[in-house]
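For reference, the structure is listed below as structure tokens.
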Amino acid sequence: MKSSPEASGGDARELRMGDQELFFSTTDRRGVIREGNSVFVRISGFELEELVGAPHNTVRHPDMPGGLFRLVWDGLQAGRPMGAYMRNRTKDGRFYWVFATMSPLRDGYVSVRMAPRGPLFELAKRVYAQAAHAERTAIQTNAMNRRDAALLGKAHIEDALRQGGFSSYEEFMLHALPEEVSARRRSVATSYARPGAQGSIAEVLAGTGALDLVLDEFVGHLTDYQRFGDELATISSGVLGIARRLHTSVIAAQRASELVEDSAPVLANVARVTAEPMGEAVETLERLQDRFGRLRADLTRLRFQISLAGLYNTMAAEFAAEVFDGAAPPETLTAVPSLCDAAEAGIVEMSAQVQQVNAALDDGAELVAEAGARLEKFRLFLGQWRNLVLRHQAGHVLGDRVRPIDEELFTGWESVELLRRVGRRCESAVVPFDPAASRTHLNRVRVALSGPALI
């Protein structure tokens, strides 16, 4: 599917990328373009000779807020891959939207862009429009320079995204890329298999295909990770609810004991002692909630890294397929090693993240077991207090004041069972990942491109 003007009802100046199309470019550290692919040339309207050697902001649209570029450059210069929705301009004054990924690479950057189709695209457009308006207003009314206006726009974007439920721009980006890759997979049934391919082309396609299978298998685990990450948000809330109930029941026992302290002082003593296992259980539950929060953040970053490595691998396969199909000259394959390097850097990061996630899952399982044991200990003390109420026949005096204790004794087993289920879930979610196998496939591609024959 080629890019085309947006359907009626949209802006006639807008070009829409085809779902299958992928932009590619590399730049030096200053953002000067070194390479670009045929999709970049066709949609931007610039000849490749016009793009190479020009700053990448040649295609920057004036309506884009400077604050976004500040966010992106801050991340890149810190050595992190970045992703962003971008509105770019064409040579004839029209515009097009992309979701762009950018990764540091040796002495420059590599970028792959795709058509934005994910659920966060509309939020990004609204936030950008508001930030761009704030920047223009600051420049026009306050005589603010563009650098300071960009800092203002950056703050505006981050504030708006926090209102949208994201703790930072980085968290927004970490969610946006996997959503875009998933949307592309759903809409594009692309196969890069070329049965007639021989020589280097065949090897490149075989290597990228094999890596795609590895990443696809991991995407299956990623779906489980994502589901578990979503569950952790609910579980964390439940854990805090348990902690609040424990505190409420102890306070209720202490206040009820004061009413019969003269006739049954042992109740007050047990109520005071019960505060200790309650405190231990609450402290463990709070640590568990914090651990789950960090684990969920690790899972989100892992999803991003898998999606990024898969996207770079797909771009490499796209180059080889285009050359085989005659849509691009063989020399365009010189861009593939950069993609291999970017994919490998992502796989290294992914491997480290997998180890971190799996270690956190192991720690989480141990902490869940500890929380369960402390919760059981607390319930034992609370049960002893309730038995003493019966033994001293104090129920008629205490009346409804024992209800919170009875409710905790009745529902507490549900909390223990919840923790047991979470512990089992942590244990089963641990996934092995072998980065060496992925490197083998990438090296196969590199070796293929080091030979003299391209086809």
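Points worth noting:
Let's see how each residue does on (1) over 20 Å from residue 211 (Cα atoms); (2) in contact (Cβ under 8 Å) with a residue 12 or more places away in the chain:
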| site | (1), (2) |
| --- | --- |
| 262 | yes, no |
| 269 | yes, no |
| 273 | yes, yes |
| 286 | yes, yes |
| 295 | yes, yes |
| 300 | yes, yes |
| 317 | no, yes |
| 321 | no, yes |
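- Residues located in region 68-93, provided they are part of a strand (DSSP E or B) and either in contact (Cβ under 8 Å) with a residue 60 or more places away in the chain or more than 13 Å from residue 111 (Cα to Cα) (or both): 82, 83, 84, 85, 87, 88, 89
- Considering only residues in region 45-60 that are outside any helix (DSSP H, G or I) and without any contact (Cβ under 8 Å) to a residue 40 or more places away in the chain, the one that is farthest from the chain's Cα centre (by Cα) turns out to be 47.
- Residue-level check: of (1) in contact with a Pro (Cβ under 8 Å, 6 or more places away or on another chain); (2) loosely packed, with under 15 Cβ neighbours inside 10 Å; (3) polar (S, T, N, Q), residue 334 misses just (1).
- Test set (1) over 20 Å from the mean Cα position of the chain (by Cα); (2) within 26 Å of residue 305 (Cβ to Cβ); (3) of a type in the set (Ser, Thr, Tyr) - residue 90 fails condition number: (2)
- Residue check: residue 342 meets all listed conditions (1) surrounded by 24 or more Cβ atoms within 10 Å (Cβ to Cβ); (2) at pLDDT below 90 but one, namely (2).
- Residue within region 359-375 that is open to solvent by less than 70 Å² (accessible area, probe 1.4 Å), within 30 Å of residue 314 (Cβ to Cβ) and touching a residue at least 60 places away in the same chain (Cβ under 8 Å) present: yes
- Residues (at negative phi, small (Gly, Ala, Ser) and not in a loop (DSSP other than H, G, I, E, B)) located in region 388-409: 395
- Matching residues in region 47-57 - criterion: being open to solvent by 20 Å² or more (accessible area, probe 1.4 Å) and at negative phi: 47, 48, 49, 50, 52, 55, 56, 57
- Among (1) of a type in the set (A, V, I, L, M); (2) open to solvent by less than 50 Å² (accessible area, probe 1.4 Å); (3) at pLDDT below 95, the one test that residue 64 misses: (3)
- Test: residue in region 299-317 that is at pLDDT 85 or above and surrounded by fewer than 21 Cβ atoms within 10 Å (Cβ to Cβ): yes
- On the stretch given as region 274-297, residues that are of a type in the set (Phe, Trp, Tyr) and open to solvent by 20 Å² or more (accessible area, probe 1.4 Å) total 0.
- Residue selected from region 436-448 under the condition among the small types (Gly, Ala, Ser) and over 23 Å from the mean Cα position of the chain (by Cα), by the criterion surrounded by the most Cβ atoms within 10 Å (Cβ to Cβ): 448
- Out of 378, 433, sole residue that is buried (at least 19 other Cβ atoms within 10 Å of the Cβ), within 17 Å of residue 302 (Cβ to Cβ) and of a type in the set (Phe, Trp, Tyr): 433
- Among residues that are surrounded by fewer than 13 Cβ atoms within 10 Å (Cβ to Cβ) and over 23 Å from the mean Cα position of the chain (by Cα), residue 414 is included.
Each row is one residue, and each column tells you yes or no for (1) part of a loop (DSSP other than H, G, I, E, B); (2) closer than 17 Å to residue 57 by Cβ; (3) open to solvent by 20 Å² or more (accessible area, probe 1.4 Å); (4) at pLDDT below 90.
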position: 2; (1), (2), (3), (4): yes, no, yes, yes
position: 8; (1), (2), (3), (4): yes, no, yes, yes
position: 11; (1), (2), (3), (4): yes, no, yes, yes
position: 19; (1), (2), (3), (4): yes, no, yes, yes
position: 25; (1), (2), (3), (4): no, yes, no, no
position: 30; (1), (2), (3), (4): yes, yes, yes, no
position: 34; (1), (2), (3), (4): no, yes, yes, no
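- Residue check, residue 276 assigned to a helix (DSSP H, G or I), at pLDDT 90 or above and among the charged types (D, E, K, R): no
The values are calculated or read from the model by the stated rules, or taken from the named source; none is laboratory data. Here the structure is a predicted model, which is why all the values come from computation and not from measurement. Cβ sites come from the backbone with ideal geometry, for glycine too, and all protein chains shown count toward neighbours. To get the accessible areas, we keep the full protein, side chains included, count just its heavy atoms, and leave off ligands, DNA and RNA. Shrake-Rupley method; radii C 1.70, N 1.55, O 1.52, S 1.80 Å.
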